[in-house]
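The values are calculated or read from the model by the stated rules, or taken from the named source; none is laboratory data. Since we're looking at a predicted model, the values are computed, not measured. No Cβ is skipped: glycine too gets one built from the backbone with ideal geometry, and neighbour counts run over all protein chains shown. Surface accessibility is based on the protein's heavy atoms, side chains included, excluding ligands, DNA and RNA. Shrake-Rupley method; radii C 1.70, N 1.55, O 1.52, S 1.80 Å.
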Number of protein chains: 2
Amino acid sequence: MSLALDPAAQDLLFREARTANTFTDEPVTDEQMRAIYDLVKYGPTAFNQCPLRITLVRSPEARERLLPHLSEGNRAKTASAPLVAILSADNEFHEELPALLPHFPQAKDLFFAERPVRENSAALNAALQAGYFIVGVRAAGLAAGPMTGFDHEGVRKEFLDDDHTPLMIVNIGRPGPDAWFPRSPRLEYEQVVSEV
Amino acid sequence: MSLALDPAAQDLLFREARTANTFTDEPVTDEQMRAIYDLVKYGPTAFNQCPLRITLVRSPEARERLLPHLSEGNRAKTASAPLVAILSADNEFHEELPALLPHFPQAKDLFFAERPVRENSAALNAALQAGYFIVGVRAAGLAAGPMTGFDHEGVRKEFLDDDHTPLMIVNIGRPGPDAWFPRSPRLEYEQVVSEV
């Protein structure tokens with residue numbers, strides 16, 4: 001009741017949205033992916049570094065290359081998803097900083113000259129953007145199924161390069177039959193929020 | 001046009017929402033914080049681990065303890081925010097897992113017996129939840145101002161403990177005069193999304 005966001009949108013993005021484990025075969029189009037990106041790209045990151053990169057796996061051939069790297073329990077759902085997104089952090093994001101932060105182009109060299117600093121910053125900010133992306137998939141009326149159970153180094157070698165660190169894999173599509181388990185409980189407010 | 005989320009909600013959460021640098025003195029209430037948490041708690045995490053913890057800094061005394069740990073450029077905006085939230089990852093989240101994942105209580109010992117594994121998982125999933133939280137602050141009609149420019153170890157020692165790793169600090173309130181810079185550019189779809 002204290003929220004400005006209307007209840008239907010609350011349901012769509014959080015209350016009714018669930019991590020889907022099965023999908024229909026209705027395709028997820030490039031137009032939908034563009035609409036999702038055009039929304040969530042505005043989410044804030046430190047120094048506007050925007051380190052998230054998205055690698056789409058759609059064709060049967062690409063899918064076959066991905067499945068062996070997943071935990072066994074994750075293979076069937078990824079095999080059934082019409083679109084799969086590998087989310088990664090670009091550890092060389094600083095190359096784009098002069099364009100992304102035109103009022104402070106020195107940030108590239110002042111703060112991000114060292115690779116370990118970039119890796120830490122990219123990991124945090126790309127995960128933050130992954131949160132926006134999952135909300136964005138739901139904003140498109142689609143179900144997202146994020147997973148971290150996969151051979152990260154195997155996926156990096158198969159689909160990415162030394163400059164990209166995989167964060168998670170997200171199955172995307174319309175939920176199919178028996179798409180979810182009962183909702184698991186969440187922590188109470190007092191277990192999460194405190195005041196000093 | 002491909003999104004199910006209505007355009008007013010798109011504007012509220014992403015298109016018109018901005019990182020505020022000044023705030024009015026209108027208080028942010030506990031009721032608002034509870035409404036935000038009750039919405040964003042549903043966002044998915046791996047094994048439903050829910051590792052994000054939120055430490056609210058509101059009183060003048062608590063504020064005085066926080067300001068010296070911030071980068072100089074961040075002090076004025078945090079001093080002007082009616083509420084400040086320190087977001088951290090709970091590296092001992094596994095203690096709650098049997099309650100959070102009642103259908104698979106063995107996960108606590110099977111996957112999270114080792115602290116470094118927990119730290120990695122908590123860092124990723126708490127950052128993901130930080131993304132949901134920023135969206136939730138905006139859903140309440142408030143502006144969020146996330147910052148990573150602070151002495152993380154200093155903030156940990158002042159407000160947290162050895163089991164919590166600070167991720168970011170978020171200023172929360174109604175935007176004040178000249179609250180934001182012009183919006184910085186974002187990457188094009190083709191710079192972020194590729195298909196294999």
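Per residue of region A:99-109, what does 6.51 cos²θ - 1.76 cosθ + 1.60 with θ = phi - 60° give for ³J(HN,Hα)? Whole Hz please, x for Gly and Pro, Karplus curve as stated.
Coupling constants for region A:99-109: 7, 7, 10, x, 7, 8, x, 5, 4, 3, 8 Hz.
Any idea what the B:His103 label distances to the other copies are, label 7 Å down the Cα→Cβ vector, nm, shortest first?
4.9
If you plug each phi of region B:170-186 into the Karplus form 6.51 cos²θ - 1.76 cosθ + 1.60 with θ = phi - 60°, what whole-Hz ³J(HN,Hα) values come out, in order, with x for Gly and Pro?
With the stated coefficients, region B:170-186 comes to 10, 7, 10, x, 7, x, x, x, 6, 6, 9, 6, x, 4, 6, x, 10 Hz.
In region B:133-196, which GluC sites (Glu not before Pro) fall in coil by DSSP and have 11 or fewer other Cβ atoms within 10 Å? Walk me through the numbers before you get to the answer.
Details: sites: B:Glu153, B:Glu158, B:Glu188, B:Glu190, B:Glu195; in loops: B:Glu188.
Those satisfying the criteria are B:Glu188.
Under the definition of Cα pairs under 8 Å and six or more residues apart, what whole-number percent is the relative contact order of chain A?
Numbers: 286 pairs, mean separation 68.9, N = 196.
So the answer I get is 35 percent.
Using a Gaussian network model of chain A whose springs link C-alpha atoms within less than 10 Å, name the residue from A:Leu110, A:Leu70, A:Leu167 with the highest mean-square fluctuation.
Highest fluctuation among the options: A:Leu110.
Within region B:113-196, which trypsin sites (Lys or Arg not before Pro) sit in a loop by DSSP and count at most 13 neighbouring Cβ atoms inside 10 Å?
Values: sites: B:Arg118, B:Arg138, B:Arg156, B:Lys157, B:Arg183, B:Arg186; in loops: B:Arg183, B:Arg186.
The qualifying sites are B:Arg183.
Could you size up the charge dipole of chain B around its Cα centre, putting +1 on the beta carbon of Lys and Arg and -1 on that of Asp and Glu, and report it in debye to the nearest 20?
Values: 19 positive and 28 negative charges, 77 e Å.
My answer is approximately 360 debye.
So what's chain B giving for Rg/Rh, alpha carbon basis, Kirkwood Rh from the mean inverse pair distance? Intermediate results must be reported in sequence, preceding the final value.
On the way: Rg = 18.1 Å, Rh = 18.2 Å.
In chain B, Rg relative to Rh is 0.99.
Of B:Ala130, B:Ala179, B:Ala144, which is the most mobile in a GNM of chain B whose springs link Cα atoms less than 10 angstrom apart?
Residue with maximal mean-square fluctuation among B:Ala130, B:Ala179, B:Ala144: B:Ala179.
Among A:Phe47, A:Phe159, A:Phe111, which one shows the highest mean-square fluctuation when chain A is modelled as a Gaussian network with alpha-carbon springs under 10 Å?
Taking springs between Cα atoms under 10 Å, the residue moving most is A:Phe111.
Taking a point 7 Å out from Cα toward Cβ as the label site, list the nm distances between A:Glu158 and the same residue in every other copy, smallest first.
With the label placed 7 Å along Cα→Cβ, A:Glu158 yields 4.6 nm.
Could you state the accessible area per residue of the protein assembly as shown in Å², with a 1.4 Å probe and every protein chain left in place? Kindly include the intermediate steps, with their values, before the conclusion.
Numbers: 16330 Å² over 392 residues.
It amounts to 42 Å² per residue over the protein assembly as shown.
In terms of the Cα gyration tensor, with a ≥ b ≥ c the square roots of its eigenvalues, is region B:1-57 rounded because a/c is under 1.5, prolate because a/b exceeds b/c, or oblate? Walk me through the numbers before you get to the answer.
Numbers: a/c = 2.08, a/b = 1.04, b/c = 2.00.
Here region B:1-57 falls in the oblate category.
Once Lys and Arg get +1 and Asp and Glu get -1 on their Cβ, which of B:Thr22, B:Ala81, B:Asn171 lies farthest toward the positive end of the dipole of chain B?
Value: B:Thr22.
Between copies, how close do the A:Gly141 label points come, placed 7 Å along Cα→Cβ, listed in nm from shortest?
2.9
What number comes out for the charge environment of B:Asp163, summing +1 per Lys or Arg and -1 per Asp or Glu over other residues with Cβ under 9 Å away?
Working: positive: none; negative: B:Asp90, B:Glu92, B:Asp161, B:Asp162.
Every neighbour counted, the sum reads -4.
Say R0 is 22 Å: what FRET efficiency, to the nearest 0.05, do A:Asp11 and B:Phe104 get from their beta-carbon distance? Each step should come with its number before you reach the end.
Details: r = 27 Å, r/R0 = 1.22.
According to the calculation, E is roughly 0.25.
If I take the rotation axis that carries chain A onto chain B, which residue of chain A has the nearest beta-carbon, and at how many angstrom?
A:Gly131, 1
At a temperature of 25 °C and a viscosity of 0.890 mPa s, determine how fast the protein assembly as shown diffuses translationally according to Stokes-Einstein, using the Kirkwood radius over alpha-carbon pairs as Rh; express D in µm²/s, rounded to the nearest whole number. Please report the intermediate quantities before stating the final value.
Numbers: Rh = 21.2 Å.
Translational D for this selection: 116 µm²/s.
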